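As structure tokens, the structure follows; a few thoughts come after it.
The values are calculated or read from the model by the stated rules, or taken from the named source; none is laboratory data. These numbers were taken from a predicted model, which means no experiment stands behind them. Heads up, the Cβs are rebuilt from the backbone with ideal geometry, glycines too, and the neighbour counts pull from every protein chain shown. All accessible areas refer to the heavy atoms of the entire protein, side chains included, with ligands and DNA or RNA removed. Shrake-Rupley method; radii C 1.70, N 1.55, O 1.52, S 1.80 Å.
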Amino acid sequence: MKKIAIVTGASRGLGAAISQKLVEEGYSIISISRSENSTLHTIAADNDQSYYHFPCNLADGSEVEDTFTKVYEKVNQPDTEEIFLIHNAGTVAPIHTVGHLHHQTVTDSTQINLISPIIMTNKLLKITDKKVTIANITSGAAQRPIEGWSVYCSTKAALNMFTQTVALEQETAGTPHKIFAFNPGIMDTDMQGEIRSSSEEQFTDIAKFQGYKEDGLLRAPETVANIFVSLLLDTETESGVIYQINDFLN
Ligand SMILES: NC(=O)c1ccc[n+]([C@@H]2O[C@H](COP(=O)([O-])OP(=O)(O)OC[C@H]3O[C@@H](n4cnc5c(N)ncnc54)[C@H](OP(=O)(O)O)[C@@H]3O)[C@@H](O)[C@H]2O)c1
């Protein structure tokens, strides 16, 4: 393996589209999620690229630790030139106002959206001497409060701050590593389906989000993935920046 992309949440939605695009750009893929996307396996074979799936529940700290020990053994090889680590897996749950949240869902969501990316980034920077680029998929919800999404808004805001802090540390240390965040905007994925299937009691903005789908305003994940991968491959992309998809659209 030479150029490797580790993608969390590659099984569907944006993660699947990013993985497909990266395979076409000549990257081997390490996919991490609970379920596997068998189409990716075929696409990788058709493009003569390696593809490995590591099943992992990112809400489970010990599974994350075990999985990433195995993943990093695989990628940290003498012939590896470059490593991308793309923290894409995410959950919008729990959707409800504070006072109605389930403890376990809050814990799981924080683990998936924030703690796993922190643990995985820490572990990779500790063990590798390869050039690493880390991309964190964030959300517009990181920058504005949305009723019913307190945990999602908070974890994505914290992910942005983590991105900026690590970038500063790496710059001070003079490493070649880069870390940035990318807000993909609203996309036609299962996550939007979950949002639409909540209730007005849980989520006051539900009609607006139902309207996004009815009015065809949700972007295809493939369109977003093309923009994201161009940014990832661009040597001018800056560390520490929270990129917004709107800045790349006409
Ligand atoms: N969709 C939007 O409108 C939108 C807007 C702004 C930001 N985003 C962000 O974009 C990213 C991708 O979202 P999406 O819309 O593509 O979501 P999606 O279609 O719901 O897919 C979520 C992905 O995350 C993985 N995942 C979820 N929980 C997991 C867990 N416990 N363990 C391991 N993997 C888990 C899923 O894999 P498995 O189920 O197979 O485990 C799946 O591959 C997320 O970070 C999201 O916050 C989305």
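Give, in nm to one decimal, the length gained when the segment between residue 200 and residue 50 is fully stretched (0.36 nm per residue of separation minus the Cα-Cα distance).
Details: separation 150, 0.36 × 150 = 54.00 nm, distance 4.49 nm.
That pair, residue 200 and residue 50, stretches by 49.5 nm at full extension.
Grab the other residues whose beta carbon is less than 11 angstrom from that of residue 238, score K and R as +1, D and E as -1, and report the net.
Its environment carries a net charge of -2.
Ignoring ligands, DNA and RNA, please state the percent of accessible area on the stretch 122-206 from carbon and sulfur, probe 1.4 Å.
In the stretch 122-206, the share of accessible area belonging to carbon and sulfur is 51 percent.
Mind checking which aspartates and glutamates have their C-alpha under 19 Å from residue 178, skipping anything on the same chain fewer than 8 residues away?
Once the sequence-local aspartates and glutamates are set aside, what remains near residue 178 is 81, 82, 129, 169, 234, 236, 238.
What number comes out for accessible area per residue over the chain if the probe is 1.4 Å? Units Å², please. Display every interim value, and only then the final one.
On the way: 11650 Å² over 250 residues.
In whole numbers, the chain has 47 Å² accessible per residue.
Just add up the charged neighbours of residue 148: K/R +1, D/E -1, any other residue whose Cβ is under 10 Å from the Cβ of residue 148.
Taking every Cβ under 10 Å from that of residue 148, the sum is -4.
What FRET efficiency comes out for the pair residue 131/residue 36, r = Cβ-Cβ distance, R0 = 30 Å, nearest 0.05?
According to the calculation, E is roughly 0.60.
Rounded to the nearest 0.05, what FRET efficiency is calculated for residue 230 and residue 146 with R0 set to 35 Å and r the Cβ-Cβ distance?
On the way: r = 28 Å, r/R0 = 0.81.
Taking R0 as 35 Å, the efficiency between residue 230 and residue 146 is 0.80.
Only loop residues by DSSP count here, and only those with at most 11 other Cβ atoms within 10 Å; note down the GluC sites (Glu not before Pro) in the stretch 208-242 that meet that.
236, 238
Using a Förster distance of 30 Å, how high is the FRET efficiency between residue 238 and residue 101, based on the Cβ-Cβ distance and rounded to 0.05? Before the final figure, lay out each step's value.
Details: r = 36 Å, r/R0 = 1.20.
So, using R0 = 30 Å, E works out to roughly 0.25.
Count the net charge of all other residues whose Cβ sits under 10 Å from the Cβ of residue 2, scoring Lys and Arg as +1 and Asp and Glu as -1.
-2
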